Structures are given as C-alpha cells and as structure tokens.
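Peer 1: Below is a structure I'd like to ask you about.
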Amino acid sequence: MGNAGGADDPAVQCVARHVLGMIRDGDKVGLGSGRASHAFIVALGQKVKEGLKIVGVPTSEASAKLARELNIPLVELTEDLELDITVDGADEVAPNLDLSKGWGGALVRERIVAAASKRQIILVGPEKMVETLGVRGRIPVEVIPLACGFATRKLKALGWTPVVRQANGKDFITDNGNLTLDCTPKEPIKDGAAARKIEAAVLDIPGVVDTGLFLGTCEQVLIGKPDGTVEVRKRS
C-alpha cells in the first residue's frame with residue numbers, strides 16, 4: 001500500500017482529514033486502495049475509536065487487513081446493500097474528472113464498490129492532475145490468465161503496448177486471481193469521447209475483466225496541496 005499510506009505526505013494527509021467531514025454516523029462506506037485511501041482508512045479508524053458508527057466494504061485485501069487492524073466493522077456487499085459513499089484514490093484525473101486507476105492492482109473491486117455507492121469521492125495530490133488520460137504512461141487492463149496472449153494481440157491492434165505486470169520477479173496476481181496488462185497508449189487519449197470509444201473496444205475483448213478507465217464515476221475530486229490546503233473539484 002505504499003509508504004505507510006503517505007504518512008509523511010502533507011498533501012495526502014490533508015485530503016484524508018478533509019473527506020472525514022463527509023462521513024456521517026450510520027454510513028456504509030467503501031474503503032478504497034492505495035496511499036490516499038490508506039491515510040483515509042487510518043483517519044476513519046480514529047473516528048470509529050472515538051465513537052463514529054459506520055461499516056466498511058474494502059476494495060482490496062490490503063484495505064480489508066488495515067480496516068480490521070483498526071477495528072473498523074466490515075460487511076459483505078450483498079444484493080440489498082447500497083453504500084452511501086466510497087472514498088478512493090486515482091492515478092490520473094482529467095479536467096472533466098474522468099480517471100485512470102489500477103496501478104495498485106485493485107481496479108475490479110474498486111469498480112464494483114464504486115458502482116454500489118451513491119457517491120464516489122477521489123483523493124489525490126496535484127501530481128495526479130493531467131490534461132488528458134494516458135499522460136503518465138500506463139493504463140491497466142485486468143485479464144483472466146487464459147486470455148492473456150489473445151488479449152495482448154487485440155490490445156496491440158488497438159494501438160496499445162501491453163506488458164504483463166511483474167511483482168518480485170513473477171507475474172503479479174490480482175486479488176481475483178487474474179493478470180494485469182499495463183498498457184501504454186501510442187499517444188495520450190485525446191478527450192472524453194476518445195476515452196469512451198477505446199474503453200468500449202477494450203471491454204469487447206473476450207477475457208478482459210475490466211480496464212483502469214473510470215469514466216464519469218466520481219462526484220468530486222479532492223486535491224491535497226503540500227501547504228495543507230484542499231482544492232475541491234465537482235463534476236459539472
């Protein structure tokens with residue numbers, strides 16, 4: 001989950017504290033993955049210790065483990081459960097608040113939890129704000145292992161360069177038992193319309209489980225600044 005969730009990063013810490021003001025007693029909360037989410041879960045755990053009554057649904061095994069260590073009550077995502085809010089991070093945020101996610105490897109569960117929520121709030125530092133998606137170099141695609149070779153061929157035909165993600169000298173395996181193809185676009189994705197077109201083409205490949213393109217999913221992005229201030233951007 002990164003360096004203790006960005007414990008020494010003032011930008012991460014200030015957005016984690018800021019978003020706590022959106023959490024109400026009785027809320028059902030999606031717990032994201034990554035450094036900013038780690039900082040939020042730690043801050044939320046302190047509020048739970050002080051008496052805040054919430055339940056959480058984690059987006060990764062790492063987030064679940066942290067929440068249990070902090071005594072945050074966890075529940076299963078059942079048919080009848082609608083979450084009030086999900087707090088997560090992102091790897092890129094475009095001007096229209098489209099996102100790329102998944103560098104941490106939890107994109108499928110992040111998608112499911114976000115879709116089950118009334119609101120998705122994204123926490124980032126200023127370095128994640130980009131003019132267009134794909135600028136920072138890679139867009140992850142999760143595939144079932146059997147489909148890896150076939151999906152690689154199809155992704156190359158779309159103009160992307162896929163590489164199987166490695167961890168500790170071996171193929172990185174997601175919490176769902178799948179592989180991740182980190183895809184470098186030939187050029188950054190031009191705009192929101194182009195992002196939606198390429199997302200549809202990638203999802204159309206048999207064996208692709210999901211992509212790191214999160215288009216139109218978030219309500220607000222909170223941008224933490226090194227001086228401890230927070231800029232709030234809302235979807236228009």
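Peer 1: Mind listing just one residue for me: the one in the stretch 49-64 that is closer than 21 Å to Ile122 by Cα and either out of contact with any helix residue (DSSP H, G or I) (no Cβ under 6 Å at 6 or more places or on another chain) or of a type in the set (Gly, Ala, Ser) (or both) and, of those, surrounded by the fewest Cβ atoms within 10 Å (Cβ to Cβ)? Working first, answer last.
Peer 2: Of all residues in the stretch 49-64, those closer than 21 Å to Ile122 by Cα come to 54-64.
Keeping just the survivors that are either out of contact with any helix residue (DSSP H, G or I) (no Cβ under 6 Å at 6 or more places or on another chain) or of a type in the set (Gly, Ala, Ser) (or both) gives 54-56, 60-64.
Details: Ile54: 18, Val55: 17, Gly56: 27, Ser60: 24, Glu61: 13, Ala62: 20, Ser63: 30, Ala64: 20.
Among those residues, the one meeting the criterion is Glu61.
Quick grid of which residues meet (1) farther than 21 Å from Ala90 by Cβ; (2) under 21 Å from the mean Cα position of the chain (by Cα); (3) charged (D, E, K, R); (4) part of a loop (DSSP other than H, G, I, E, B):
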site: Asp175; (1), (2), (3), (4): no, yes, yes, yes
site: Lys190; (1), (2), (3), (4): no, no, yes, yes
site: Ala195; (1), (2), (3), (4): no, yes, no, no
site: Glu199; (1), (2), (3), (4): no, yes, yes, no
site: Ile205; (1), (2), (3), (4): yes, no, no, yes
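Here's the yes/no breakdown for (1) aliphatic (A, V, I, L, M); (2) out of contact with any Gly (no Cβ under 9 Å at 6 or more places or on another chain); (3) touching a residue at least 40 places away in the same chain (Cβ under 8 Å):
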| residue | (1), (2), (3) |
| --- | --- |
| Ala36 | yes, no, yes |
| Lys49 | no, yes, no |
| Ala64 | yes, no, no |
| Ala94 | yes, no, yes |
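Peer 1: What number goes with the only condition from (1) surrounded by fewer than 24 Cβ atoms within 10 Å (Cβ to Cβ); (2) out of contact with any Pro (no Cβ under 8 Å at 6 or more places or on another chain); (3) touching a residue at least 40 places away in the same chain (Cβ under 8 Å); (4) under 22 Å from Asp210 (Cα atoms) that Leu77 does not pass?
Peer 2: Only one criterion is unmet by Leu77, namely (3).
Peer 1: Moving on to the next point. In the stretch 118-135, how many residues are farther than 23 Å from Ala39 by Cα and not acidic (Asp, Glu)? Can you show your working first?
Peer 2: Just the residues of the stretch 118-135 that are farther than 23 Å from Ala39 by Cα, to begin with: 131-135.
Checking the rest, the ones that are also not acidic (Asp, Glu) come to 132-135.
Matching residues across the stretch 118-135 total 4.
Peer 1: How about the stretch 153-173: which of its residues are in a strand (DSSP E or B) and not acidic (Asp, Glu)? If you could, list the steps in order and put the result at the bottom.
Peer 2: Of the stretch 153-173, the ones in a strand (DSSP E or B) are 160-164, 166-167, 170-171, 173.
Those that are in a strand (DSSP E or B) and not acidic (Asp, Glu): Trp160, Thr161, Pro162, Val163, Val164, Gln166, Ala167, Lys170, Ile173.
Peer 1: Going residue by residue through the stretch 132-152, is there one that turns out to be of a type in the set (Phe, Trp, Tyr), in a loop (DSSP other than H, G, I, E, B) and either loosely packed, with under 15 Cβ neighbours inside 10 Å or not assigned by TED's automatic domain parsing to the domain that holds Arg196 (or both)? Steps first, answer last, please.
Peer 2: Our first condition is that a residue be of a type in the set (Phe, Trp, Tyr); within the stretch 132-152, this holds for 150.
After this cut, where a residue has to be in a loop (DSSP other than H, G, I, E, B) as well, the list is none.
No, there is no match, as no residue in the stretch 132-152 is of a type in the set (Phe, Trp, Tyr), in a loop (DSSP other than H, G, I, E, B) and either loosely packed, with under 15 Cβ neighbours inside 10 Å or not assigned by TED's automatic domain parsing to the domain that holds Arg196 (or both).
The values are calculated or read from the model by the stated rules, or taken from the named source; none is laboratory data. Not measured: the values here are computed from a predicted model. Quick reminder, even Gly has a Cβ in these numbers, built from the backbone with ideal geometry, and neighbours come from all protein chains shown.
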